[in-house]
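Just below is one structure, and these are the notes that go with it.
The values are calculated or read from the model by the stated rules, or taken from the named source; none is laboratory data. Everything numeric here is computed off the predicted structure, so don't read it as measured data. Quick reminder, even Gly has a Cβ in these numbers, built from the backbone with ideal geometry, and neighbours come from all protein chains shown. All accessible areas refer to the heavy atoms of the entire protein, side chains included, with ligands and DNA or RNA removed. Shrake-Rupley method; radii C 1.70, N 1.55, O 1.52, S 1.80 Å.
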Amino acid sequence: MYRRRQQGSALVVAIFVITVMAVMAAALIKINWSQSDTTTREVLGARAWLAANSGIEWGLNRLFPIGDPSAIGACDNTNPPFANTADFHDCRITVGCKLVDVTYDGETVSQYHLESTGSCGSGIFEVQRIQETWAKRLKP
């Protein structure tokens with residue numbers, strides 16, 4: 001009599017175990033994808049930050065040429081020649097420069113505002129980092 005009542009209980013337990021394992025597998029796949037997405041964005045963010053930093057350094061070097069402390073270079077919105085090359089792992093750089101006159105204690109001082117944008121990746125994985133700096137010429 002007990003044998004007839006227990007027929008099929010193993011099938012119910014097996015289906016329950018398979019369902020629980022499938023839900024756990026789906027959760028692990030989602031966690032793995034999320035972690036991969038986060039890592040991709042971190043790498044692209046670091047590349048974009050370094051690209052923007054390179055743009056700032058290029059702009060400062062263009063503005064204040066090395067070797068001649070009295071020389072003032074160009075302050076324009078020219079992008080670096082290396083801005084869109086394969087060396088930057090598909091990163092793009094734009095550099096902008098503005099001349100701003102600021103008054104301190106009745107004296108007008110010319111300052112330069114440099115802004116560099118580094119963009120890496122494409123589509124939903126595009127990451128941008130913006131760096132800016134202010135510079136002025138020191139009195140000799």
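Taking 7 Å steps out from each Cα toward its Cβ at Ala14 and Lys98 produces label points 7.3 nm apart. Give me the extension gain from Met24 to Glu57: residue separation times 0.36 nm, minus the current Cα-Cα distance, reported in nm with one decimal. Here the answer is 6.9 nm. Distance between the 7 Å Cα→Cβ label points at Arg41 and Glu126: 1.6 nm. Relative to the dominant Cα principal axis of the chain, helix 9-63 is inclined by about 10°.
By its C-alpha gyration tensor, with a ≥ b ≥ c as the square roots of the eigenvalues, how is region 77-140 shaped: rounded for a/c under 1.5, else prolate for a/b larger than b/c, else oblate? Since a/c reaches 1.5 and a/b is larger than b/c, the shape of region 77-140 is classed as prolate.
Just the protein heavy atoms count here, and of the accessible area of region 22-93 at 1.4 Å, carbon and sulfur take up 61 percent. When the chain is described by a simple charge dipole with +1 on each Lys and Arg Cβ and -1 on each Asp and Glu Cβ, the residue from Thr19, Thr94, Pro81 located farthest towards its positive end is Thr19. Between amide H atoms placed 1.01 Å from N, distances below 5 Å from Gln111 occur with Val100, Asp101, Val102, all of them 5 or more places distant or on a separate chain.
Scanning the chain for cysteines with no neighbouring cysteine C-beta under 4.7 angstrom from their C-beta gives an empty result. Averaged per residue, the chain has 73 square angstrom of accessible surface, using a 1.4 angstrom probe with ligands and nucleic acids left out.
Counting only Cβ charges, +1 for Lys and Arg and -1 for Asp and Glu, the dipole size of region 35-140 around its Cα centre is about 100 debye. Residue by residue, region 99-115 carries 3J(HN,Hα) couplings of 8, 10, 8, 10, 9, 10, 6, x, 10, 8, 10, 8, 10, 10, 10, 9, 9 Hz when phi is fed to the Karplus relation 6.51 cos²θ - 1.76 cosθ + 1.60 (θ = phi - 60°); x denotes Gly or Pro.
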